[in-house]
Every structure is written in C-alpha cells, then in structure tokens.
C-alpha cells in the first residue's frame, strides 16, 4: 500500500474513533469520506476499513486503534476511548497542535540525530515516555509487564499507575531499570504511605502525584451493563472494596472505610508527601501558571502538564496550550513533562520546542498493547521515535538540547 493510501486509511480511522464523528454526520458521512478518498487518487484495492494484522504493518500509531478495537471487549474499548462529558477535550487536545507552526532551518549538519534525554540522572533513548494508565490487564493478559518489556527494549520511561493489574515489583523486574510510580491518594494516610514505601523498595525513583481527579464525569462506560455479561462478571464484582481488592498495590490492606478521588486535599498534602519519601516528587495535572508557582513554593521536583487525556475537567484548553502557560511560570527551574493528545512526532517536537523536558503518551501504547502485546508497544514507541527523528532532521536540530522556540512561529 502506498503512503498516500495509508495516510487516508489512517485519517479515516481517526475520524471513526473520534468524538468529531458526530459533528460531521455520523457513519454515513464517514462512508462518504471514504468514497471521496477513493475517487481522489487512492490506488486500486485501497480499503479504508482494512485492519493491520501485525505490528510491523503499522505506518503510524493510528493504525493500531482499529486493530485494538477489533480485539478488545467493547466495554474495555469504551473505557479507554472516552473523555469527560461529550469527550470534546479529545478533539481540543488534537486541535491545539495546529496553533503552533514549525520553522525549518536548512544546511545544518544533522547527519547524526540524537534523541536521548536525561531525567533525574537516568538516561533514556528518547524524550517519549509511557504515561500511567490503569488496569492494562483489560487490554492484554500480560498488561503492565508486557509494557515494561517494551519499555526495556526502547529504553523508555515508564510510569506505573496505582491501579495497575501487576505489582510494582513485577513491573520493575520486567523493566530491569528504575520506573516511576503514579499515586492516587486515599483518605487513609497509612494506606497511601504504605504504597509509597513499597514503590521505594521496588526501586522507583519518582513519585507522580495525580491532582486532577477530585471528580469527573465519564458516561460511555455506563452504557455497558456489567450484570448482563459473564465476561465482565469475572472481574467487575459489585462494590467499591471488591474493585480495589483485586489491585496488587492494595494487597494485604484493609479497605474498610477507604475512599479514592479524595476531595479534601490541599497543598499541605504535597509537603506531607515530600517528607514521606526519598523519591523525586512530581505533580501531574497542573495546567495553570498559578498552580505551577505553588508547586515551586512547595518544593516539588517536577511537573507533568496534563488534562488526563481529556478525561478530567472540560476546560476547552488543550494540553499543549497549558504547557505554554506552565513553562512561563516555571522558567526552567524544574523539569516539566506533558501528556494528553500526543500522536505524532511533530506533536512531540512542538512540545520540546516550547520547553518540555519530555512527552508522555497514553492511548497509543494501549492500542499497541491491546492489538499485539509487547510487540505493539515496541512498535508504537519506534514509530514515534522515527517520526520525531525525521522532524528533528527537517528542522535542523541534531539533538534534543538544540530544539528551542526558534523552531516555532510564535
């Protein structure tokens, strides 16, 4: 298949899984879009509905979404695909990248492009990391362990979710290098502190405290009635305690009276976390200059700009636009990472040019995991690295340190 055909195929898949589909008239309009593509030069035999059968066939990360969907329980697909309210923030995140244009420089020696970066003393092959995503066993039986093996192959940063399906010890062993641990706090400090100490013992070097989920509204998943599916009944027993009792990070812990999504936390909690651990402490979900300044006042070691992949609040502001605001307040004093909506090497380059230390992806590697396991994760990382390397070559930036705002029209 030619690159032209593959690009059209990928575009159609993106629209098929996008909340934008409703705004262009549903599946009928998608079919018409496919006909238009076929009439405008697509090669004979072009099929916009074709699904890749191996990770090696993928030309970009969008190719994995349809393969993932075809192999995944509908409820699990809905869980990862949805955003808050009408999922409009998914489109907002993608549209944000269009507001930043690139300025290529010519006749620069880019014969050897170096994508490597260092974060808190650890060297990674690229600035592309794996954002924390919970319950990865829903997408592949090996879940977070398969992801860790893929991260090992790519020498990529992996951030493990509190609600992982595999223990922090097992994941760290599979990665064979330090990982970071993402923290959802509970209303019981003894439980929270126990998880922190456990992550430390497993060799985690950073604690990523997620602060953007005191409440949220996810609707699609509730369309799937778990009581009607024997498949779902095996995992989704009713009751809050049953849900968390299956999570390895809560092994041996009394869940009586425990609550998640704690709404009563203040900045004093950040101080408590810093005092409780030797790990670096980052706050994830910071999207304003005001909160970035508070982070620095409370001595955090880093910030992750994120709107939870469009699954937290509905602000109308893309993650990359929030990055600009946060970086303006931080002024290089601590590393600033970013996630939410990143799908292309150009997206990653723009964030780095603005001043981000690294970029994390979420859904793309879940698509790869659900479609082809470890091999899918590896291919997603390889494709994004390839695209980033191409853009760096085009922009005349031979290494990540050379990527600056001079490469942007701003």
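The values are calculated or read from the model by the stated rules, or taken from the named source; none is laboratory data. Owing to the predicted nature of the structure, the values given are computational and were not obtained by experimental measurement. So basically every Cβ, Gly included, is an ideal-geometry build from the backbone, and we count neighbours across all protein chains shown.
All of 156, 146, 151 fail the test of being part of a loop (DSSP other than H, G, I, E, B), assigned by TED's automatic domain parsing to the domain that holds residue 213 and either at pLDDT 95 or above or buried (at least 24 other Cβ atoms within 10 Å of the Cβ) (or both), apart from 156.
Assess whether residue 129 counts as being in contact with a strand residue (DSSP E or B) (Cβ under 7 Å, 6 or more places away or on another chain) and not in a loop (DSSP other than H, G, I, E, B).
yes
Taken as a whole, the condition of being more than 26 Å from residue 169 (Cβ to Cβ) and either at pLDDT 85 or above or in a helix (DSSP H, G or I) (or both) does not apply to residue 273. Of the strands (runs of 3 or more DSSP E) lying entirely inside the stretch 302-410, those containing at least 1 residues that are more than 25 Å from residue 71 (Cβ to Cβ), in the same structural domain as residue 158 (by TED's automatic domain parsing) and without any contact (Cβ under 8 Å) to a residue 40 or more places away in the chain span 302-305, 336-338.
Quick one: in the stretch 175-203, of everything that is assigned to a loop (DSSP other than H, G, I, E, B) and modelled with pLDDT under 95, which residue is farthest from residue 308 (Cα to Cα)? Among residues in the stretch 175-203 that are assigned to a loop (DSSP other than H, G, I, E, B) and modelled with pLDDT under 95, the one farthest from residue 308 (Cα to Cα) is 188. Only one entry in 78, 95, 22, 37 is out of contact with any strand residue (DSSP E or B) (no Cβ under 9 Å at 6 or more places or on another chain), surrounded by fewer than 16 Cβ atoms within 10 Å (Cβ to Cβ) and either outside any helix (DSSP H, G or I) or modelled with pLDDT under 95 (or both), namely 22.
Residues in the stretch 241-253 that are outside any helix (DSSP H, G or I) and at pLDDT 85 or above: 4 in all.
Looking at this structure, is residue 141 in a loop (DSSP other than H, G, I, E, B) and in contact (Cβ under 8 Å) with a residue 40 or more places away in the chain? Here the answer is no, as residue 141 does not meet what is asked.
With the requirement that a residue be more than 13 Å from residue 353 (Cα to Cα) and surrounded by 15 or more Cβ atoms within 10 Å (Cβ to Cβ), what does the stretch 98-113 give you?
110, 113
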